[in-house]
Amino acid sequence: MLFARVVLLLQLLALTGLGLAYFILPHEMANLSGMLLMAPAAATDVRAYYGGLQLGLAAFIGLSLVRLDLMRAALTLLVLVYSALALARIGGLWLDGGAQQTFNLYALLLEVVSVGLCFWALRGLQRV
C-alpha cells in the first residue's frame, strides 16, 4: 500500500504542476511541443484541455489518497489514460515520422514508465 501511495503522490505532483503550467502559461507550454496558439480560442482550449483535465485528474488522485476505497480506481484510471496516450503517441510518431521528435519521445517514455509504475502499484494492491 505504501508503494501505491508513493506512485499516486508522484502522479498528483506531476499532474498538478503540469496542469497549472498549461493553465497559467498556455503559449509557453504549447511551444515546447512545437505548437503555436494563433488565436485566443486556441489558448483557452489549451488552458481547458491540457490544464483543466490534468488538474481534474490530480484532484481525483488527491481524493484517492484520502479515501482508500478510491485508490484502486485512481490507479486503474491512470493505467488506462497513460496507455491511451502512449498508444496514440506511438501512432502519431509512426504516421508523422517521429524519429526526430524529441519532445514526443520523452513524453512517450514518461507515459510508458507511468503505466508500468501504476500497473505495478495496482497489482500490489490486489494482493492485499
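Where a number appears in this text, it was derived from the coordinates with a stated rule and is not lab data. Keep in mind it's a predicted model, so treat the numbers as computed, not measured. All Cβ positions, glycine included, derive from the backbone under ideal geometry; neighbour counts span all protein chains shown.
Write down Rg/Rh for the stretch 2-127, rounded to two decimals, with Rg from the C-alpha atoms and Rh from the Kirkwood relation over Cα pairs. Spell out each step's value before the answer.
On the way: Rg = 15.5 Å, Rh = 15.4 Å.
Rounded to two decimals, Rg/Rh equals 1.01.
Got a sec? How would LEU122, LEU93 order by Cβ neighbour count within 10 Å, fewest to most? Don't jump to the answer; show the numbers that get you there.
Numbers: LEU122 19, LEU93 15.
Sorted ascending by nearby Cβ count, the order is LEU93, LEU122.
Treat the count of other C-beta atoms within 10 Å as a stand-in for reagent exposure and order TYR50, TYR106, TYR22 from fewest to most. Kindly include the intermediate steps, with their values, before the conclusion.
Values: TYR50 18, TYR106 10, TYR22 22.
Ascending number of Cβ neighbours within 10 Å: TYR106, TYR50, TYR22.
What does the net charge come to around LEU63 if you take all other residues with beta carbon closer than 14 Å to its beta carbon, with K and R at +1 and D and E at -1?
Working: positive: ARG5, ARG67, ARG72; negative: ASP69.
Overall, the nearby charge balance is +2.
Express the Stokes-Einstein translational diffusion coefficient of the stretch 55-128 in µm² s⁻¹, to the nearest whole number, given a Kirkwood radius over alpha-carbon pairs, 25 °C and a viscosity of 0.890 mPa s. If you can, show how the numbers build up before the last one.
Details: Rh = 13.4 Å.
Approximately 184 µm²/s, per Stokes-Einstein.
Filter the DSSP H helices in the chain by two things, a Kyte-Doolittle mean of at least 1.6 and an axial alpha-carbon span of 18 angstrom or more, and list the hits by number.
Numbers: long enough: 2-24 (33 Å, 2.06); 53-66 (20 Å, 2.07); 71-96 (37 Å, 1.43); 102-127 (38 Å, 1.03).
Both cut-offs are met by 2-24, 53-66.
Find the centroid of the Cα atoms in the stretch 24-83 and in the stretch 87-128, then give the distance between the two in whole Å.
After rounding, the separation between the Cα centres reads 16 Å.
For a quick check of your reading of the filter: which trypsin sites (Lys or Arg not before Pro) in the stretch 36-128 sit in a DSSP loop and have no more than 15 other Cβ atoms within 10 Å?
Values: sites: ARG47, ARG67, ARG72, ARG89, ARG123, ARG127; in loops: ARG67.
Passing both the DSSP loop test and the Cβ count: ARG67.
Determine, for MET38, MET1, the number of other Cβ atoms within 10 Å of each Cβ, and report the residues in order from fewest to most.
By the 10 Å Cβ count, ascending, the order reads MET38, MET1.
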